[in-house]
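The values are calculated or read from the model by the stated rules, or taken from the named source; none is laboratory data. Everything numeric in this text was worked out from a predicted model, so none of it was measured. Please note: Cβ atoms are built from the backbone with ideal geometry, for glycine as well, and neighbour counts cover all protein chains shown. Surface areas here come from the heavy atoms of the whole protein model, side chains and all, with no ligands, DNA or RNA. Shrake-Rupley method; radii C 1.70, N 1.55, O 1.52, S 1.80 Å.
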Amino acid sequence: MEHPVASATGLDLDPLSLGIMWDRLISISDEIVETLVRTSFSTIVREGYDLSVMLFDREARMMVQGTRSIPVFVGTAPVTLRHMLNRFPPETLKPGDVVVTNDPMMGTGHLFDICVMRPVFQNGALVAYSMSVTHLPDIGGMGFSAVATEMYHEGILIPICKLYDEGVLNELLVEIIRSNVRVPEQVLGDIFANVSCTEVGARQLVEFMAEYGVADLVPLSRAIQAQSEQAMRARIREIPDGVYTNRIDFEGIDGPLHLACRIDKAGDGLAIDFTGSSPAVRAGINVPFCYTRAMALFSIKCLTAPSIPNNEGSVAPVEVRAPEGSILNAIPPMATAGRHIVGHFVTPLIFGALAKALPERVQADCGMINIVTFQGRQPNGRQLSALYFAAGGFGALDQLDGYSTTPGPSNMGCVPVETWESRTGLTVEHKHLLPDSGGPGAARGGLGQEIQFRNDTGAEVVVFSMANRTEFAPKGLAGGGAGTLREHRINGVVVDPKGRQVLAPGDRMTLREAGGGGMGDPRARDRAAVAADLRDGLISADAARDVYGL
């Protein structure tokens, strides 16, 4: 039976019908996420939610993104799809085709994310695209780390190709992947979970079109994007016109590096230029432009219209540039595996530039996410290649304390201790908050944490650290204090935060996570809030007296 709003297939959608259909598309994307999580094999996806799913119209414009997705992929996925369609033009695609790639320059910025796309057909006509992206537990090479000097060291690159051709599996591609990764059952299991979830998305999208009598999604997609773009432009218009600049230092490999930006704001649009940033380096911390652009778009959206669902309209008013060969526009064969180590600094860089223009919206620096790779063998003898996500403290905002152990600007989850221990043989001896690690302020920064692992696998385990915030603490804003630094230790000795280490059986590794920066004068903090922090063990008696004046 035709749906009551079946006539709403043109650009004259009434707001109520548009809202209903928009929400329905978001719910479909959320169902795709749940399918992906429930069918995946690795803890990275099942527990960490290092993933994204998107639905595109037949013009390759993104309509919606799953709610529990990595938000920055709103900037990378449309570019990936266009590269895929350059390789396989729409008129050549057939039902049952599945296209994949992990090319860092065309995907998300490093080899470890697999991008999977399925064309969607209704009555034999191409009507949409369903895409998912997940971080794989391994892709061969040295493994997920910052120690490579060229991308060739980091793993195998899968060029844009068909994993399925009209429903027929590319067995050779599967065998190539299986033969080059440490944990093939997890890697292939996750890849096929992507295949399954895009099929669910395609099926539900066709059912949606049939229910609403929609023969072409393009008018609906354009209406959704137009609404988002109008809202974004209205919020950008509120920012005073002008030129805003900022520069920050961060930890490199052989010494400090820096990022610089210039934001030109005029009317309802703005342009961000990263000229002046450090050149690329011979280590796996370089950032391809696709990821830089995505982080910049995400940062502006946070400051303007964060509640608007992600689609291409929500990023249309923003232009991004970075000089080729810089650390924010790396080109092959520059190593990029740990591109988050540098790329995540794009957000505080932009926030700092706009702090005077938007003092009530910007955030103090976050302690950021910490990612550690463990490679070896589990107690049962099976291969081990696992990532551990540990969050620092969230930066404070105007009149709002930062959450403790909450990542920013990323949003991955943390693997539960019980799951981690049973899947790796690495025992978590303790995990606790670090008092006084959050930057003091009228709004306090979120606390960092300490986590200690013991190698109970019975064999050596190789560890790759990919830590930032080890030399430059998360800054506070408006008189707020800095959070504490991050630190990696093995058997009590501080080790290279971006290096390769080996844990012998019984060795212990300790992660001390950075605290978030504070906002505002600590002496202006509510007395009851200070007393509560002291009572709950979040601050020490010395800090309560000497810093907050309690």
By residue number, the members of region 69-85 that are touching a residue at least 40 places away in the same chain (Cβ under 8 Å) and of a type outside the set (G, A, S) are I70, P71, V72, F73, V74, T76, P78, V79, T80, L81, H83, M84
Scanning region 174-199 for residues that are open to solvent by 20 Å² or more (accessible area, probe 1.4 Å) and assigned to a helix (DSSP H, G or I) gives E175, I176, R178, S179, N180, P184, E185, Q186, F192, S196, E199
query = Would it be correct to say that N286 is buried (at least 22 other Cβ atoms within 10 Å of the Cβ), of a type in the set (S, T, N, Q) and assigned to a loop (DSSP other than H, G, I, E, B)?
reply = yes
Those residues of region 264-279 which are under 15 Å from I341 (Cβ atoms) and buried (at least 22 other Cβ atoms within 10 Å of the Cβ) amount to S277
Taking region 388-443 and keeping residues open to solvent by 20 Å² or more (accessible area, probe 1.4 Å), under 23 Å from T470 (Cα atoms) and of a type in the set (S, T, N, Q) leaves S404, T405, T406, N411
Within region 56-86, residues within 19 Å of I300 (Cα to Cα), open to solvent by 20 Å² or more (accessible area, probe 1.4 Å) and part of a helix (DSSP H, G or I) come out as V79
Taking region 20-55 and keeping residues assigned to a helix (DSSP H, G or I), of a type in the set (G, A, S) and open to solvent by less than 30 Å² (accessible area, probe 1.4 Å) leaves S29
Taking region 238-263 and keeping only residues that are among the charged types (D, E, K, R) and loosely packed, with under 15 Cβ neighbours inside 10 Å, one is left with E238, D241, R247, D249, D254
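Mind listing whichever residues of region 200-217 are surrounded by fewer than 16 Cβ atoms within 10 Å (Cβ to Cβ) and touching an Asp or Glu at 6+ places or on another chain (Cβ under 6 Å)? Working first, answer last.
In the first step, residues of region 200-217 are kept if they are surrounded by fewer than 16 Cβ atoms within 10 Å (Cβ to Cβ); the result is 203, 207, 210-211, 213, 215.
Correct list: G213 only.
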Filtering region 249-276 down to residues that are in a loop (DSSP other than H, G, I, E, B) and closer than 26 Å to P78 by Cα yields G267, D268, F274, T275
Among M131, M117, M105, the single one that is open to solvent by 30 Å² or more (accessible area, probe 1.4 Å) and either assigned to a loop (DSSP other than H, G, I, E, B) or of a type in the set (A, V, I, L, M) (or both) is M105
Condition set at pLDDT below 95 and out of contact with any helix residue (DSSP H, G or I) (no Cβ under 8 Å at 6 or more places or on another chain), scope region 300-340, selection least open to solvent (accessible area, probe 1.4 Å): answer is P306
